[in-house]
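First comes the structure, then the notes that go with it.
Each value in this text was obtained by applying a stated rule to the coordinates, not by laboratory testing. Worth saying up front: this structure is predicted, and the values here are computed from it rather than measured. Neighbour counts run over all protein chains shown; Cβ positions are idealised from the backbone, glycine included.
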Amino acid sequence: MPSFYQDVYRAVRMIPPGRVATYGAIAAMIGRPMDARAVGYALRALPDGTDVPWHRVINAKGTISLKDRAPNETSCQRTLLEREGVEFDARNRVDLRRHGWMGLLPEP
DNA sequence: CTAGTGACTGTTT
DNA sequence: AAAACAGCCACTA
């Protein structure tokens, strides 16, 4: 099992409720500032029913990815975030200035 | 090993 | 503001 996946999952798990983190933030948190893409890949392979709150991970623009994959899934993610307390604007975008969670603690 | 792909990002048109 | 380009990393064929 690649440690990269475990690192990503661990970082996502420590995201507090009501907050969202960008792929870049997760990548930087695990010590790889330019691995945002790989982070997305790791989350993509994540199975349903996992303990990892993958719905709290969004792209840097504050929008939900997967737009070209399945509108159903994106809607589910938006609903989950709203339930957590995250507010979306008219364009389905999150205000990262308010809900954007900065790792605050870089891992050694 | 090389080549192609992708839940990304920052810079440049 | 939106679209295009290039860069980085992990995975698959």
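When A:40, A:31 are checked against the criterion of being within 14 Å of DNA strand C (Cβ to nearest atom) and within 22 Å of residue A:94 (Cα to Cα), A:40 stands alone in meeting it.
Exactly one residue among A:30, A:58, A:26, A:15 is surrounded by 14 or more Cβ atoms within 10 Å (Cβ to Cβ) and touching a Ser or Thr at 6+ places or on another chain (Cβ under 7 Å), and that residue is A:58. Would you call residue A:8 without any contact (Cβ under 8 Å) to a residue 60 or more places away in the chain, outside any loop (DSSP other than H, G, I, E, B) and within 13 Å of DNA strand B (Cβ to nearest atom)? Yes; evaluated as a whole, the condition is true for this residue.
Checking each residue in the stretch A:29-68 for being charged (D, E, K, R) and near DNA strand B (Cβ under 8 Å from one of its atoms) picks out A:37, A:44, A:61, A:68.
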